[in-house]
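Worksheet for the structure shown next.
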Amino acid sequence: MQTATHPTPGFADQKPGTSGLRKKTRVFLTPMYLETFVQAIFDATGGAAGRTYVVGGDGRYFNDRAVQVIVRMAAANGAARVIVGQGGILSTPAASHLIRLRGTDGGIILSASHNPGGIDEDFGIKFNMPNGGPAPEAVTEAIFARAKAPGEYRILEGQDIDLNTLGETTLGQMVVEVVDPVTDYAALMETLFDFAAIRSMFAGGFRMRFDAMHAVTGPYATEILERRLGAAPGTVINKLPLPDFGGGHPDPNPTWARVLMDEMMGPGAPDFGAASDGDGDRNMIVGAGCYVSPSDSLAVLAEHAAVAPGYAGGLKGIARSMPTSGAADRVAAALGIPAFETPTGWKFFGNLLDAGRATICGEESFGTGSDHVREKDGLWAVLLWLNILAATGKSVSTLLADHWARFGRTYYSRHDYEAVDKSVADALVADLRAALPGLPGQSLSGMTIASADDFAYTDPVDGSTSAQQGIRIGFADGSRLVLRLSGTGTEGATLRLYLERYEPDPARQAAEVQQALAR
Ligand code: G16
């Protein structure tokens, strides 16, 4: 087999966003596009020679081809070993765990998360560091600097590699190790949660529905929920991962997980419902007749985490992204631990987790996780909820009502304006930014503006700074409005508007969310 070196013109559009490089699949099919980015990853991180990487993705269209290319490029660049999920499949949290478990030099993960898959849909790639977490901005900037300049890439030419058979083979000088994608991850979950208690809850008739949305978590959820925990067969629906996710959006929210929502809100609903996304890092939690917002889920998980064996020693701190509601901050205050507010992007939690300053993190965008890996983790959140339900014997709606009674309730809502003309969206944000200094003291719909700024973050661990992370307008009564541009869209610009209002008095908490926010 021969190593070939090809010139590449460089690609000016390969700037990673909130979570890696996400583009339309057809963009990735452009000759040399994938290869240029992969070579840039190797070059910008000190070269691949002698190194070990984890490689895998969520199984969407082009995943199989991309894994073949990456493995052959790793070999051509002198890597010592690649650890690949069988069939090229790894959920994002499972990949993060493998990177840490095996002490590798990082990993390349293929996914466009909750975005649809297919030749006319979305694809994505990102590099995760040896700590298992997404590369921080300094590294993604270095990758981009390399990718946009003309250069060359190296690839081993030859036949496709068999990635379906477990075990080790060699490719040139490099070892290719194909591993079962579920085994190590499931073993990690068993160390964190009280599987015996959850098993007896299921044995006692507890009913659950998990919607895998034809995405990567199907095999993980089937193994863990049905086989290891004894949930009834059929608990996991849409369990077969498909390259186009069955034509749907693998996005676990009330809109795209409609079938699950209808069942959970209907008569005879199961006790607990959950869904996960394309690559398994997001989650949605629903009780019988009761939807749990991601911000509330984070707060309830943090409040009760100590019932799970993995968190019995207590939490060191709680971190949330800036647009996530302040519900978790009140739990942190009650527990006497620090609360951190970071920019949007899981990569910003990495330093806090590595430094042992935060244990649990979460985001309004259906992401929750802990220091067990360095990605958010959909099934982890589901299992912690199950552990809490088993330990307290309470229903989801009772846990939520008790939480609001103790801490107050934060009404929260996000509105997305998608495929907006990018220049229009940029101008709107720029105008608003310019107006910020004059806003405090003014009134909006009868509410007085108390503060207005563009969120800037200084990482408390390494002192790195990130400016212009979202416009925040705070009102005198504690309500808040946030506006920011998404960093994960693949078409035009996506503007996100986040609204939040806090109601401490349980007697006044009965309102429906939109009603509570409508003023
Ligand atoms: C990624 C990031 C999250 C972020 C989300 C939405 O998640 O890891 O931190 O909250 O995108 O980002 P944006 O608001 O910029 O679109 P995922 O699940 O898409 O990898």
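Computed from Cα atoms, the angle from the helix 183-192 axis to the main principal axis of the chain rounds to 30 degrees.
Is the stretch 1-49 rounded, prolate or oblate when judged by the Cα gyration tensor, a ≥ b ≥ c being the square roots of its eigenvalues, rounded requiring a/c under 1.5 and prolate requiring a/b larger than b/c? It is oblate, given that a/c is not under 1.5 and a/b is not larger than b/c.
Label point of Asp184 set 7 angstrom out along Cα-Cβ; within the stretch 93-109, amide nitrogens under 11 Å from it belong to 94-107.
Local charge sum around Phe348 (other residues, Cβ-Cβ under 13 Å, Lys/Arg +1, Asp/Glu -1)? My count for the surroundings of Phe348 gives -2.
Using a simple spin-label model with pseudo-atoms 7 Å out from Cα toward Cβ, Arg65 and Arg406 lie 5.3 nm apart.
Kirkwood hydrodynamic radius computed over the stretch 367-514 comes to 18.5 Å, based on all pairs of distinct alpha carbons.
Given R0 = 51 Å, the distance between the Cβ atoms of Ser395 and Ala149 translates into a calculated FRET efficiency of 0.35.
Computed from Cα atoms, the angle from the helix 396-407 axis to the main principal axis of the chain rounds to 60 degrees. Within the stretch 379-393, whose backbone N sits under 15 Å from a point 7 Å along Cα→Cβ of Ala312? Once the point is set 7 Å along Cα→Cβ of Ala312, 388, 391 turn out to lie under 15 Å by backbone N, inside the stretch 379-393. When the P(r) of the stretch 35-78 is calculated, the portion above 14 Å amounts to 47% of the C-alpha pairs. Quick one: of the DSSP bridges fully inside the chain, what percent are antiparallel, nearest 5? Counting DSSP beta bridges with both partners in the chain, the antiparallel share is about 70 percent. How would the stretch 423-497 be classified by its alpha-carbon gyration tensor: rounded, prolate or oblate, with rounded meaning a/c under 1.5 and the a/b versus b/c comparison settling the rest? Oblate, because a/c is 1.5 or more while a/b does not exceed b/c.
May I ask you to list the lysines whose Cα is less than 21 Å away from that of Lys23, ignoring any residue fewer than eight positions away on the same chain? Answer for Lys23, where 21 Å is the Cα cut-off: Lys15, Lys126, Lys148, Lys347, Lys422, listed by chain and number. Using a cut-off of under 19 Å, list every residue of the stretch 143-162 whose amide N is near the label point 7 Å from the Cα of Ala12 along the Cα-to-beta-carbon line. 143-152, by backbone N distance to the label point.
Applying 0.36 nm per residue to the separation of His415 and Glu491 and subtracting their alpha-carbon distance, the gain on full extension is 25.6 nm. Computed log10 I(q)/I(0) for the stretch 194-346 at 0.16, 0.17, 0.20 Å⁻¹: -1.01, -1.11, -1.32, from the Debye equation with unit scatterers placed on every C-alpha and solvent omitted. For the pair the stretch 445-488 / the stretch 124-191, the C-alpha centres are spaced 35 Å from each other.
Each Lys or Arg adds one and each Asp or Glu subtracts one; over the other residues with Cβ under 14 Å from the Cβ of Thr324, this totals +3.
Using a/c under 1.5 as the rounded threshold, could you call the stretch 36-181 rounded, prolate or oblate? The axes a ≥ b ≥ c are square roots of the C-alpha gyration tensor eigenvalues, and prolate needs a/b larger than b/c, oblate otherwise. Rounded is the answer for the stretch 36-181, as its axis ratio a/c remains below 1.5. From helices alone, the chain scores -8500 deg cm²/dmol at 222 nm; the rule is -39500 (n - 2.57) for each run of n ≥ 4 DSSP H residues, then divide by the residue total.
For the stretch 64-111 and the stretch 356-432, what is the separation of their C-alpha centers, rounded to whole Å? Cα centroid of the stretch 64-111 versus Cα centroid of the stretch 356-432: 29 Å apart. Spin-label model, Ala427 to Thr30: label points 7 Å out along the Cα-to-beta-carbon direction sit 2.6 nm apart.
Please give the FRET efficiency for Leu240 paired with Ser445, using the beta carbon to beta carbon distance and R0 = 51 Å, rounded to the nearest 0.05. Taking R0 as 51 Å, the efficiency between Leu240 and Ser445 is 0.60. Relative to its residue count, the chain spans a Cα convex hull of 139 Å³ per residue.
Read the figures in this text as sums done on the coordinates, not as results from a lab. Keep in mind that this is a model prediction, so the values were computed, not measured. All Cβ positions, even for glycine, are placed from backbone atoms using ideal geometry, and neighbour counts span all protein chains on display.
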